[in-house]
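The values are calculated or read from the model by the stated rules, or taken from the named source; none is laboratory data. Owing to the predicted nature of the structure, the values given are computational and were not obtained by experimental measurement. Neighbour counts are summed over all protein chains in view; Cβ atoms, including those assigned to glycine, are modelled from backbone coordinates with ideal geometry. These area figures cover heavy atoms from the full protein model, side chains too; ligands, DNA and RNA do not enter into them. Shrake-Rupley method; radii C 1.70, N 1.55, O 1.52, S 1.80 Å.
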Amino acid sequence: DYFAQPIAELKKDERPELSYQIGVTLENTEKPKCAVDEPCLRVIAKLDPTERPLDITAHAPDPKCRFFWRMGEKVPYETQFPGLNASNVVPQNENLRERWTPIMQQWGHSMKSAYVFPCGIDHQVNTIV
């Protein structure tokens, strides 16, 4: 539902001033860092071909559209990093607005559980046990 919205609606959820660290990042916005970063290129070269990025040599922007939702609590103090002070973006679309936060929280907890518990990390304090 979300990504099927018109571009004009999606753009309302962009936060380029926060380096796209919350909200939507539209397709063809980000350019791959590794295209010019030698240590990163060496890591990619060691990956199995099926696990490598599609194309980083052409310096083409990333073709995917994605949405960042911060998991965890907002820091309890002001920082010099505006992205840490920003609230999560909730779409303005009335068909999405009410169900957005619970769905994003559920997805976030599911992803966190997928790596936290198998790795032996205490999910309450994010430390290795």
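Here are the numbers for the structure shown:
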item	result
Residues satisfying the stated conditions in the stretch 3-17, i.e. without any contact (Cβ under 8 Å) to a residue 24 or more places away in the chain and either of a type in the set (K, R) or within 14 Å of N88 (Cα to Cα) (or both)	K11, E14, P16
Residue in the stretch 70-81 that is surrounded by 15 or more Cβ atoms within 10 Å (Cβ to Cβ) and within 17 Å of the chain's Cα centre (by Cα) present	yes
Cross-chain or 6+ apart pairs with Cβ under 8 Å, the stretch 76-103 first and free of Cβ contacts under 8 Å to residues at least 60 places away in the same chain and at negative phi, then open to solvent by less than 50 Å² (accessible area, probe 1.4 Å) and part of a helix (DSSP H, G or I)	E78/N85; T79/N85; V90/W100
Members of the stretch 63-103 that are modelled with pLDDT of 90 or more and of a type in the set (K, R)	R66, R97, R99
Pick from the stretch 10-62, criterion under 27 Å from G83 (Cβ atoms), β-branched (V, I, T) and open to solvent by 70 Å² or more (accessible area, probe 1.4 Å), ranking: modelled with the highest pLDDT	V43
